[in-house]
């Protein structure tokens, strides 16, 4: 049966001259819906009447006259097998073995008709229901749950509740069905109706959050979907125009609840006058359904504002269940932008015999969505005898006019409050073509302000004000006429146009005390070099405005006559308050010579700075180590490892740079101020060509004593992962080969920054050279002779013959490749930023050739001139540009990047592909580096598990947080039983929030007499619980941790670990406001941490280690650690306190501190387990088992990787918090 609108419903409504706000549609006839009615009566007679009423039976017969009948009346069961269960609150089954007489074993029954009845006598009972109809042990006053189950499908088809009550000491039993319809499940409509498809009304699937609002009342928050403005929905209501446009939403309601078919609906509607009303619809009208749901089309309102504010309610009655009221809130839906867009209309005014150039010039309309105001500026000329505008009224034929074109993205109909009619007969008129022609003189009494509204109905809509008060209304041709001049400026040898000087110039005029002030707005560009403008060098650089002046008279600018071409170029200067005086002298007909005075006021013009084309180091730069600067995001980026003056470590020589303004360069001196371990920069002069100079010094380091000789970014190192499946290896090799192209790179400036950081935290040069010598000795048969000799000489004779260099680079492992007949469809890579420290016989980093101890070819290392002594991972957290050369087999025109972090968080970036052979993919990683999968199809991320709160507000009171406990501070005596609460979740995709078990609504009142419990449910269903307590000052709340570190941001993976370590006195910062989470940890630092954990016990000084001097900040900690077998020295009697701790070293120290507990396992399940030193294996087994350390995203444990301060904090938190 085709779906159609209920003609019977329409007929009923039309007769009484009402129309539906919510219309209902039917669908195909489905199978019968099983229904269940239940009751108990102490007499057979009462039972018969109750059963007849429940199922509409004409006659009911009950055998015998036992009384105390518990009955179950059912319809629509069909021919399947069913069973009944009646359970008490404790779960005891009330029905006995013989509640159906013919199938004791299965307790099932098979209906024999459309209407089917089962009944038992509560008198027929026995302990456990053995051989009887009722279980005597379960029979008592109280509520029972009745369940009807289709045994063939295993599906529960109906559930009811009955409350039994006995009188006369159990002699009589009666029961009442008490089932509540509850928060039923609403769905999106199956399709559109009334000649509109569902896609014409909405996109996306709406969500319905049903929460209780009291007895039989429910609130329904609707969200998830986007609705569209519909302008011609005549079939929705053919008799009422205002119902034929607006926003609509298609929803469906269940046709049955717990076996009870809907018998009545009360829908919102409008009467013939368009006023809100309701209409009851009964079962006779809607007998046919679409499957198990019935479609409704709601008209939400004419505008988004109206729809969001509307509160529409429907009432539903299901069988014998009490009527339920569902009040809908549609504010969670997404509505299109209805904000008005306005601009000057240019061209011929159809039917009015005028072009807009004859009535206006330079008209600009600016809209303010917050105040709903359109501000119009520009010039309106005086027009006379415009009979086409108003043929019957001479006054209306003369005046000043402005033509605008208005629209809104949602395409909602708009109306004009007719400002072209004078008097009191104004009315709203629909704007058919978006063009508004306004006679400004009609608005004089209104302050030159008119009105339009978004919305086509007489009532409602969103009003906007059009403010024409800033329009310059010329009164006669003798008035000075001003226009922005954009053409070629008439100066000898000049090539500049007015459009080079300015943009968006508008103006307005105001006359007072016989002087007309013309005020200009817009933008004036900074011109760094314009010799043709003036021979005076002071006038060859600055901001200018070009104008065209005309008038019927002699024009003077200051004391100088206006040139014949009418061109005026003004240099904007503060010395004359950005103003120019102009006069117009003329002789009116029959009068004497007259001079009008004008002031051209440019003070509101934005004086834009010159564009900085680039920056460079000046030849006379005096700051050693300052690298060539860059200009990025409006800041001058300074980098390098600079050295202080020899005389004072806190003083630095000035830096010198040049600013390129395009054809002209300006010298700038930079003065440096030391702030902690960083430098701040100040420019002299502070402003250049309108630019206030700002610096980014995050890449500028003060060179430490142990810093390497050089630090630079190097080329990436791609490879194929050892774990890649065999069938993917060939394709993976092609990807790796492509990535080896020199176009592949991680943003060099970022890598350079970390090169400086690693270099500055390096071990001493003599230590690095000693380590290099050790590697040379271990590979004596492989190291080239020249390299071996130079390294050995550096150890014996001094360090001048070798250089230490830090090179940051990207290690790129191809993890997997997906292919098809068309080529590579996707590939996964793991990007790990690394920093290697090398000892080289060449000083130029670009000429470094690395020795490879794993090389098997005979001549593989013959040109090697450098030994890698350390290769460590670098944690990059900031937004970083990534450029990859794509393999030829990847042929897709698009690329999406799925970024999965080590913590499991996932993000999607959209890449940009350019070039050819190879094609280049560019994207920005916003969240550091780990696994990236490149594919043509945009991936769908798993549901978010983020259930955190970003903000908790309680009225205007102060709210503090410690862990998951919030405290609101209120004055003593405050009534805390009704405090307004506002909660904001970090993730907008959460499923919901409850407060003390009640669904949260914005601004809801909360009782804080006792602590409130707040539960946030994330998108994936996981939850987080918070408490909220009121504090009136009588009980001191827990003091929250105040984060002193500017480089530890909330949300960083290590934030909680740093908080724990600092809060518990384990770790301090590297300065007052820096924690330096990515800086490597030394042996001395970790010894101090464990010493802090022990409360800094007294230590008796002993000269145990030659490199630990009495009085050193770490001396007591190192001696304590040695005496307690936590830290061991080296064979040469040193402790090497400044050596970097590897991950396996740190775990070993912590394991010894813990007393060397025995691990339970014997195998480390990591791909690089073979790299674990024998002394560290038990320690790492113990740490992995106790979740103190985990592997990298690539499945490696990375035991030789350097331990950073953030990692140390994380391990300490895992250990101490679980002790």
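The strands (runs of 3 or more DSSP E) falling completely within the range 1-111 that include 3 or more residues that are surrounded by 16 or more Cβ atoms within 10 Å (Cβ to Cβ), under 54 Å from the mean Cα position of the chain (by Cα) and at pLDDT below 70 map to 18-20, 22-26.
Evaluate the range 677-691: report whether one residue or more is closer than 30 Å to residue 659 by Cα and assigned by TED's automatic domain parsing to the domain that holds residue 866. No; the residues of the range 677-691 include none that is closer than 30 Å to residue 659 by Cα and assigned by TED's automatic domain parsing to the domain that holds residue 866.
So, residue 894, is that one in contact (Cβ under 8 Å) with a residue 60 or more places away in the chain and on the phi < 0 side of the Ramachandran plot or not? Spelling it out, it is not the case that residue 894 is in contact (Cβ under 8 Å) with a residue 60 or more places away in the chain and on the phi < 0 side of the Ramachandran plot.
Within the range 302-316, being surrounded by fewer than 20 Cβ atoms within 10 Å (Cβ to Cβ) and over 27 Å from residue 228 (Cβ atoms) holds for one residue alone: 315.
Here's a check for you: in the range 203-218, which residue that is in a strand (DSSP E or B) and under 28 Å from the mean Cα position of the chain (by Cα) is nearest to residue 997 (Cα to Cα)? Give the derivation first.
In the first step, residues of the range 203-218 are kept if they are in a strand (DSSP E or B); the result is 203, 207-212, 217-218.
Remaining after also requiring under 28 Å from the mean Cα position of the chain (by Cα): 203, 207-211.
Working: 203: 32, 207: 21, 208: 18, 209: 15, 210: 14, 211: 11 Å.
Once the filter is applied, the top-ranked residue is 211.
Contact map, the range 54-67: residues that are farther than 10 Å from residue 121 by Cβ paired with residues that are surrounded by fewer than 16 Cβ atoms within 10 Å (Cβ to Cβ), Cβ distance under 8 Å, separation 6+ or inter-chain. Pairs shown: 58/52; 59/52; 60/52. Would you say residue 131 is loosely packed, with under 15 Cβ neighbours inside 10 Å, at pLDDT below 85 and closer than 19 Å to residue 69 by Cβ? Considered against the rule, which asks whether it is loosely packed, with under 15 Cβ neighbours inside 10 Å, at pLDDT below 85 and closer than 19 Å to residue 69 by Cβ, residue 131 comes out as no.
I need the full set of residues from the range 587-600 which are assigned to a strand (DSSP E or B) and either in contact with a helix residue (DSSP H, G or I) (Cβ under 7 Å, 6 or more places away or on another chain) or surrounded by fewer than 18 Cβ atoms within 10 Å (Cβ to Cβ) (or both), in order please. Spell out the reasoning first.
Going residue by residue through the range 587-600, those that are assigned to a strand (DSSP E or B) are 594-600.
Residues satisfying the conditions are 594, 595, 597, 599.
Only residues that are part of a loop (DSSP other than H, G, I, E, B), out of contact with any helix residue (DSSP H, G or I) (no Cβ under 7 Å at 6 or more places or on another chain) and farther than 14 Å from residue 192 by Cα: list them for the range 220-238, please. Scanning the range 220-238 gives 231, 232, 238. No other residue among 897, 867 is touching a helix residue (DSSP H, G or I) at 6+ places or on another chain (Cβ under 6 Å) and either farther than 19 Å from residue 931 by Cα or in the same structural domain as residue 798 (by TED's automatic domain parsing) (or both) apart from 867.
Which one of these is within 16 Å of residue 601 (Cβ to Cβ) and surrounded by 14 or more Cβ atoms within 10 Å (Cβ to Cβ): 543, 494? Spell out how you get there, then give the answer.
Working: 494 fails: within 16 Å of residue 601 (Cβ to Cβ).
Selected residue: 543, the only one of 543, 494 that is within 16 Å of residue 601 (Cβ to Cβ) and surrounded by 14 or more Cβ atoms within 10 Å (Cβ to Cβ).
Within the range 772-791, the set of residues being crowded, with 17+ Cβ neighbours inside 10 Å and free of Cβ contacts under 8 Å to residues at least 24 places away in the same chain comprises 773, 788.
Restricting attention to the range 690-712, which residues are in a strand (DSSP E or B) and within 30 Å of residue 646 (Cβ to Cβ)?
If we filter the range 690-712 for residues that are in a strand (DSSP E or B), which is where we start, we get 691-692, 695-702, 710-712.
695, 696, 697, 698, 699, 700, 701, 702, 710, 711, 712, listed by residue number.
Among the residues making up the range 664-678, those that are in a strand (DSSP E or B) and under 18 Å from residue 644 (Cβ atoms) are 669, 670, 671, 672, 673, 674, 675, 678.
Of all residues in the range 778-795, those being farther than 12 Å from residue 851 by Cβ and under 55 Å from the mean Cα position of the chain (by Cα) number 0.
Residues to consider are 794, 764; find the one that is closer than 17 Å to residue 836 by Cα and in contact (Cβ under 8 Å) with a residue 12 or more places away in the chain. Explain how you work it out, then say what you get.
Values: 794 fails: closer than 17 Å to residue 836 by Cα.
From the options 794, 764, the qualifying one is 764.
Among the strands (runs of 3 or more DSSP E) confined to the range 411-526, the ones with at least 1 residues that are touching a helix residue (DSSP H, G or I) at 6+ places or on another chain (Cβ under 6 Å) and under 29 Å from residue 390 (Cβ atoms) are located at 449-454, 462-473.
For the range 358-373, which residues satisfy the criterion of being under 31 Å from the mean Cα position of the chain (by Cα) and in a strand (DSSP E or B)? Across the range 358-373, the qualifying residues are 366, 367, 368, 373.
With in the same structural domain as residue 1078 (by TED's automatic domain parsing), touching a helix residue (DSSP H, G or I) at 6+ places or on another chain (Cβ under 9 Å) and within 27 Å of residue 901 (Cβ to Cβ) as the only criterion, which of 1158, 1154, 1183, 1135 stands out? It would help to see each step written out before you state the result.
Details: 1158 fails: within 27 Å of residue 901 (Cβ to Cβ); 1154 fails: within 27 Å of residue 901 (Cβ to Cβ); 1135 fails: within 27 Å of residue 901 (Cβ to Cβ).
Sole residue among the options that is in the same structural domain as residue 1078 (by TED's automatic domain parsing), touching a helix residue (DSSP H, G or I) at 6+ places or on another chain (Cβ under 9 Å) and within 27 Å of residue 901 (Cβ to Cβ): 1183.
Would you point out the residue of the range 979-993, among those that are surrounded by fewer than 16 Cβ atoms within 10 Å (Cβ to Cβ) and modelled with pLDDT of 90 or more, that is farthest from residue 1031 (Cα to Cα)? Filtering the range 979-993 for residues that are surrounded by fewer than 16 Cβ atoms within 10 Å (Cβ to Cβ) and modelled with pLDDT of 90 or more, the one farthest from residue 1031 (Cα to Cα) comes out as 984.
For the range 547-578, residues that are assigned to a strand (DSSP E or B), more than 16 Å from residue 596 (Cβ to Cβ) and in contact (Cβ under 8 Å) with a residue 12 or more places away in the chain total 7.
Just to verify a result, which residue in the range 835-861, among those that are buried (at least 21 other Cβ atoms within 10 Å of the Cβ) and not in a loop (DSSP other than H, G, I, E, B), is nearest to the chain's Cα centre (by Cα)? Steps first, please.
Going through the range 835-861, the residues buried (at least 21 other Cβ atoms within 10 Å of the Cβ) turn out to be 835-841, 848, 851.
Now narrow it down to the ones that are not in a loop (DSSP other than H, G, I, E, B): 835-840.
Numbers: 835: 33, 836: 36, 837: 39, 838: 42, 839: 46, 840: 47 Å.
The extreme case among them is 835.
For the range 335-357, the candidate set comprises residues that are modelled with pLDDT under 85 and assigned to a strand (DSSP E or B); within that set, the residue that is surrounded by the most Cβ atoms within 10 Å (Cβ to Cβ) is 354.
Comparison of 503, 519 shows that the only residue that is crowded, with 19+ Cβ neighbours inside 10 Å and closer than 30 Å to residue 382 by Cβ is 519.
Which of the following residues is on the phi < 0 side of the Ramachandran plot, loosely packed, with under 15 Cβ neighbours inside 10 Å and not in a loop (DSSP other than H, G, I, E, B): 581, 650?
On inspection, the qualifying residue turns out to be 581.
The values are calculated or read from the model by the stated rules, or taken from the named source; none is laboratory data. None of these values were measured; they are calculated from a predicted model. So basically every Cβ, Gly included, is an ideal-geometry build from the backbone, and we count neighbours across all protein chains shown.
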